[in-house]
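Right, one structure below, let's go through it.
The values are calculated or read from the model by the stated rules, or taken from the named source; none is laboratory data. Bear in mind that the values here come from a model prediction, so they are computed numbers and not experimental data. Note that each Cβ is placed from the backbone with ideal geometry, even for glycine, and that neighbours are counted across all protein chains shown. Ligands, DNA and RNA are excluded from the accessible area calculation, which covers all protein heavy atoms including side chains. Shrake-Rupley method; radii C 1.70, N 1.55, O 1.52, S 1.80 Å.
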Amino acid sequence: AVAYGPWRCLYESRRDWRAGPPRQTRPEESEERMLRGYLSGTWYCPPNSYLFRRTAAAGAGPWDTALQRGQDSDYLIRALLSGARFVYVPKAWAYYRRHGGDHIGAERHFAEGLESYVAAVLAHRKLLERDGRVAQYRPELMSRLAGLSSDARLRRHEAGVRRCRAAAATI
């Protein structure tokens, strides 16, 4: 129901664009491994690398515009939880454009980005709880929150560390 493939970053320079090295998206052995990778934050493929059948898009539901960051991973997690089948197509290249300067991943957007990621983890917990699968994926959810907490600690963002701890207590 969903095809995806390898991708490259295009980096902005002062005078021209250059393509970064090929970034091979690992062809996962199963949707289960892909789901675990997305839940833990260890697997990523940009949204323009995916091609959805209408049925798979309907199963994932609408794009969550309330999230400031991580909307793409949230959407793909929901598609995986809905049972969509994913197939790797090695010849279907995508390009991911990285802008210089201000962008959503910039340091000044860290607090709202952290909150979006924590909100998504809690929403995924609810979906897993609905299906009786929270215990099965608890390590991945906790790993994601630990990584977010570590990022907050490195940035001396104590409110973010507290937010991650509070979220972890509910997992």
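Does Arg156 satisfy being of a type outside the set (Phe, Trp, Tyr) and out of contact with any helix residue (DSSP H, G or I) (no Cβ under 7 Å at 6 or more places or on another chain)? It is true that Arg156 is of a type outside the set (Phe, Trp, Tyr) and out of contact with any helix residue (DSSP H, G or I) (no Cβ under 7 Å at 6 or more places or on another chain). Could you say which residue among Arg156, Arg162, Arg144 is out of contact with any Pro (no Cβ under 9 Å at 6 or more places or on another chain), open to solvent by 30 Å² or more (accessible area, probe 1.4 Å) and outside any helix (DSSP H, G or I)? Result: Arg156 is the single residue among Arg156, Arg162, Arg144 that is out of contact with any Pro (no Cβ under 9 Å at 6 or more places or on another chain), open to solvent by 30 Å² or more (accessible area, probe 1.4 Å) and outside any helix (DSSP H, G or I). Filtered by the rule that a residue be hydrophobic (A, V, I, L, M, F, W, C) and touching a Leu at 6+ places or on another chain (Cβ under 9 Å), the range 46-75 gives a lone residue, Ala60. Among strands (runs of 3 or more DSSP E) entirely within the range 7-71, having at least 1 residues that are modelled with pLDDT of 85 or more and open to solvent by 80 Å² or more (accessible area, probe 1.4 Å) singles out 50-52. Any residue that is outside any strand (DSSP E or B), open to solvent by less than 70 Å² (accessible area, probe 1.4 Å) and in contact with a strand residue (DSSP E or B) (Cβ under 6 Å, 6 or more places away or on another chain) - is there at least one of those in the range 120-137? No, the range 120-137 contains no residue that is outside any strand (DSSP E or B), open to solvent by less than 70 Å² (accessible area, probe 1.4 Å) and in contact with a strand residue (DSSP E or B) (Cβ under 6 Å, 6 or more places away or on another chain).
Name the single residue, out of those in the range 21-75 being β-branched (Val, Ile, Thr) and touching a residue at least 24 places away in the same chain (Cβ under 8 Å), that is farthest from Cys9 (Cα to Cα). Checking each candidate, the answer is Thr55. Among the residues of the range 10-23, are any hydroxyl-bearing (Ser, Thr, Tyr) and in contact with a helix residue (DSSP H, G or I) (Cβ under 7 Å, 6 or more places away or on another chain)? No - not one qualifying residue is present in the range 10-23.
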